[in-house]
Amino acid sequence: MIAGIVSTVIFAASVLPMLIKAGRTKDLASYSRGNLILANLGNAVHSVYVAQLPAGPIWALHTFYVATSGLMLLWHLRYAKATPGPGLLTRPTRRPT
């Protein structure tokens, strides 16, 4: 139980600077939209497992991870500029003619 609490605090502390910087600058160009989508999909599937566990540090960690991953995806959809190049998860850019 102590290890779970310590790891949750460490993980949260490691993610907060990323969230603060992304929220402050609105610069999310270095984040992959595909990765953010897959992280949120994985969180949704993992939620089924976590919901069956007794309340404990894993619930706090998973809730924090769901919230931060969701927020990053939401910010990416809202603030990230279109990226050039082909790809399923990128928006096409318009080139001057």
Taking the stretch 24-51 and keeping residues surrounded by fewer than 13 Cβ atoms within 10 Å (Cβ to Cβ), assigned to a helix (DSSP H, G or I) and charged (D, E, K, R) leaves R24
Set P92, P84, P54, P96: member being assigned to a loop (DSSP other than H, G, I, E, B) and at pLDDT 90 or above
P54
Are any residues in the stretch 1-15 closer than 12 Å to I58 by Cα, in contact (Cβ under 8 Å) with a residue 40 or more places away in the chain and part of a helix (DSSP H, G or I), and if so, which ones?
G4, I5, S7, T8, F11
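Given the structure, is V66 in contact with a His (Cβ under 7 Å, 6 or more places away or on another chain), β-branched (V, I, T) and either at pLDDT below 85 or outside any loop (DSSP other than H, G, I, E, B) (or both)?
Taking the combined requirement at face value, the residue does not satisfy it.
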Test set (1) charged (D, E, K, R); (2) in a helix (DSSP H, G or I); (3) more than 14 Å from the chain's Cα centre (by Cα) - K21 fails condition number
(3)
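The values are calculated or read from the model by the stated rules, or taken from the named source; none is laboratory data. All figures in this text were calculated on a predicted structure; none of them were measured in a lab. Positions of Cβ are generated from backbone atoms using ideal geometry, with glycine treated the same way; all protein chains shown enter the neighbour counts.
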